[in-house]
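Everything on this sheet refers to the single structure shown next.
FYI, it's all coordinate maths here, none of it is from the lab. None of the values given here were measured: they were computed from a predicted structure. In this analysis, Cβ positions are derived from the backbone assuming ideal geometry, glycine residues included, and neighbour counts consider all displayed protein chains.
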Amino acid sequence: MRKFTVFTLMTSVVVLAVGADIFVNDVLPDHKKPVATDSEFAFDLPDSLPSFDSSGLGSANVLGADVGPGLIEEELFEEEADLGIERGAPMFDEQDNVELLVEENTSTLELIPVPSTEIATVNTSNSSDFEDDNFVPFSTNVLIREDQIRSAGFVSGYLEQEPHEGFLFKTIYVDDLYDVSTTKYIIKSAEQALAKVYVFQVGPLSSLTEVYDVLKMRATEGLDMEVNETNDFADGSFYMNDLRRSNVAFLVTKIGAQIYGFSYPKEYHSQIKNLVKLLDMEF
């Protein structure tokens, strides 16, 4: 019994060894992937490369920088043409899209009523500016106006500016007064000159009283001239009497922040007196 068992084991070992040898040598090689050899990948290289003319490429970038938006755009247009889309046509109808959004939001959005911007038209006497309606403009000169000289008695008079020559009444030098600007006007009619007006505007770096005193002092320095300070008008006034021009009156007066000088034939004294009062009321 023991011999039979040993024999059986030995027989089994022999059978297994033979079966393993057959599997390894005959069966397993048929299931392995073929391994390529170096000879299969070998290929012949030419002795020299063919010549290549690169002049047609210009300055093309080797990194592909020459492929610009134009080339990509042309490719996209070709693809759109293949799909039946017209070149340059919008991909969707913007108006339909807006109308769709409005229809979706109208049901939930309540609009606030706004009053109409159309207003009643103001009668402007064929003028495009409503401020011009029944408006009579004054002269652009705010220091003395034509309506004032006419109200004073110069019914047909009008104003005209004259060049200032650096003198008051042609005898008193005033061109060196500090921070003072001088303007000269003539009141005239169609026939003759009626009066002359000098306006001294005193700046913040000077003093109105000091300028007035300088004019009064210089009025006494000329030959055959004297000063008569009456202070009959406005904030102070004086007459300069010139014996060589006895038929002409010369008046200097302070009115507001300005100093006015008037020269006129003495027969117009009433008109100048009225004009000074009107200017004093203005300033």
**OP:** Beta carbons within 10 angstrom, averaged per residue: use that to sort the peptides 176-188, 252-264, 9-21, highest first.
**Re:** 252-264, 176-188, 9-21
Original post:
What is the local net charge at Met217, summed over the other residues whose Cβ is closer than 12 Å to its Cβ (Lys, Arg +1; Asp, Glu -1)?
Top reply: -2
**OP:** Count charges around Ala249 for me, please; just the other residues with Cβ under 14 Å from its Cβ, Lys/Arg as +1, Asp/Glu as -1.
**Re:** +1
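Around Ile187, under 12 Å between beta carbons, what's the net of Lys plus Arg minus Asp minus Glu among the other residues? Present the calculation step by step, with values, prior to reporting the outcome.
Numbers: positive: Arg145, Arg150, Lys184, Lys188, Lys196; negative: Glu146, Glu160, Glu162.
So the surrounding residues net to +2.
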